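The block underneath contains the structure these notes are about, expressed in structure tokens.
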Amino acid sequence: MPLIKVVNDKCKGCELCINACPQKIIRLSDKINTQGFRYAQVVDKPRCIGCKLCALSCPDLAIEVFAEGCRYEFYPY
Ligand code: SF4
Ligand code: SF4
């Protein structure tokens with residue numbers, strides 16, 4: 001399973017990653033970070049396909065995706 005790491009305190013809650021995710025598994029947390037923003041979190045990790053679109057779309061470089069050497073198939077919902 002790919003590992004998605006969101007650095008909560010870098011996130012400004014812009015939702016670009018939420019819109020970019022083809023699996024629609026990113027949501028804003030109900031909690032706020034040290035900047036006062038609700039931050040992005042992956043809510044259904046097993047469905048992540050490791051495409052990295054979330055990380056590429058983040059203007060604040062708040063997301064890292066570790067998926068090297070793995071093969072994942074699209075998981076429709
Ligand atoms: S790597 Fe792709 S599927 Fe996984 S959370 Fe990011 S955008 Fe969604
Ligand atoms: S794109 Fe980046 S700054 Fe915007 S909600 Fe996602 S993680 Fe936060």
Would you be able to tell me the number of residues in the range 11-30 that are within 13 Å of ligand 2 (Cβ to nearest atom) and part of a strand (DSSP E or B)?
-> 4
So ASP60 fits all but one of (1) modelled with pLDDT of 90 or more; (2) away from ligand 2 (no atom under 16 Å from the Cβ); what number is the exception?
-> (2)
Do the conditions hold for LYS5, that is, is it in a strand (DSSP E or B), more than 8 Å from ligand 2 (Cβ to nearest atom) and either under 11 Å from the mean Cα position of the chain (by Cα) or at pLDDT 95 or above (or both)?
-> yes
Those residues of the range 31-56 which are assigned to a strand (DSSP E or B) and over 24 Å from GLU68 (Cβ atoms) amount to LYS31, ILE32, ARG38, TYR39
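The values are calculated or read from the model by the stated rules, or taken from the named source; none is laboratory data. Here the structure is a predicted model, which means the values were calculated and not measured. Heads up, the Cβs are rebuilt from the backbone with ideal geometry, glycines too, and the neighbour counts pull from every protein chain shown.
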